[in-house]
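Taking it in order: structure first as structure tokens, then the write-up.
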Amino acid sequence: MADSHTTTERHTTAGPDAATKAAPEATWHRRPGAGRQRRTRTVRVWGSAVLVAAVVLAVLVVPLLSPLDSQSVDLAQKLHAPSVAHPFGTDEVGRDLMLRCVYGLRVSLLVGVVAALVAVGLGTAVGALAGALGGWADRAVMRLVDLFSSVPHLLLGIFIVAMFRPGVWPVILSVALTHWLSTARIVRAEVLSLRSRPHIDAAVSGGASRWRVTVRHLLPGVLPQAGLAAVLMVPHAIWHESALSFLGLGLPAHEASLGIMVNAARGSLLAGAWWPTLFPGLFLIVPTLALAGLAGAWRERINPRRRSE
């Protein structure tokens with residue numbers, strides 16, 4: 001008994017110091033690789049921003065500095081390899097390929113930006129209306145969205161463009177009317193999530209009308225998602241315009257369009273001239289990657305959980 005009492009007393013006396021020594025030090029440990037991932041993300045964002053700035057600068061400055069005409073035909077200069085006079089070479093009728101790529105990218109960016117803004121605006125309005133009204137109105141709107149979604153985008157776009165003369169605005173209308181559906185679904189889901197928030201319940205309990213709640217509380221809450229959808233839709237609209245032009249349904253054949261240039265370069269590629277295919281393809285791929293990088297950074301910004309994953 002004495003030994004047991006002595007042992008207990010010894011443990012009681014040395015308890016705090018022993019517990020302090022035995023307990024692990026409370027230190028803050030970072031997740032392994034977090035710093036490297038942060039640096040990689042920063043490099044990706046800055047690289048994407050530099051590429052977007054370079055694309056915009058090229059579209060604005062190169063046509064002003066170049067003394068050549070993008071439509072001038074010189075059969076004596078056809079299919080010349082890249083040189084100092086023609087950095088990207090010439091096409092099958094002797095036109096400067098660099099200048100035509102820049103003009104084609106200008107048209108593609110115009111179609112992409114305008115079509116994305118129209119599509120996101122339409123999708124945001126429809127999705128917010130469906131989510132705010134609920135009930136039979138929500139079901140009717142979403143069945144309409146499902147009906148349009150059942151038709152392939154390219155097929156519906158061809159049908160819309162075929163009703164007009166070839167030009168930029170029919171292509172913009174075609175892209176906008178076939179790409180608002182995904183935005184409507186995203187905005188509706190976000191509105192349904194916001195409707196269950198406490199501040200929305202407080203606004204409704206305070207006597208705010210449904211229109212006021214939608215305009216003052218629901219729409220500002222979905223603007224980040226709508227902006228992200230617009231950024232993601234720009235490269236998709238660029239590729240859609242190029243696909244229509246490649247099929248001969250977009251811009252007129254004499255206009256500078258990346259899709260038309262890729263289509264016209266098929267014969268040159270078989271003849272051993274690689275540059276009429278390579279450079280228009282790069283002018284399609286580089287802006288797409290740059291905008292995708294910025295959209296990824298935006299997605300991580302508005303969704304911290306995705307960043308942690």
Whenever you get a sec, line up 150, 48 from highest to lowest accessible area (probe 1.4 Å, protein heavy atoms).
150, 48
May I ask you to give the solvent-accessible area per residue for region 89-307, in square angstrom, as obtained with a 1.4 angstrom probe?
48
Ranked by how many other beta carbons lie within 10 Å on average, peptides 88-95, 287-294, 228-235 from highest
228-235, 88-95, 287-294
Let me have the relative contact order for region 219-281, percent, based on Cα pairs under 8 Å that are six or more residues apart.
21
So what is the diffusion coefficient of region 89-307 in µm² per second by Stokes-Einstein at 20 °C and 1.002 mPa s, using a Kirkwood Rh over Cα pairs?
112
Of the accessible area of region 195-269, computed with a 1.4 Å probe and all protein chains kept, carbon and sulfur make up a percent value of 62
Relative contact order, percent, region 89-307 [alpha-carbon distance under 8 Å, six or more residues apart]:
29
State the three equivalent ellipsoid semi-axes of region 205-309, derived from the C-alpha gyration tensor as the square roots of 5 times its eigenvalues, in descending order and whole Å.
43, 19, 7
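The values are calculated or read from the model by the stated rules, or taken from the named source; none is laboratory data. Note that the structure is a prediction, hence the values are computed from the model and not measured. Glycine gets a Cβ as well: all are built from the backbone with ideal geometry, and neighbour counts include every protein chain shown. Accessible surface is based on the protein model in full, side chains and every heavy atom, while ligands, DNA and RNA are left aside. Shrake-Rupley method; radii C 1.70, N 1.55, O 1.52, S 1.80 Å.
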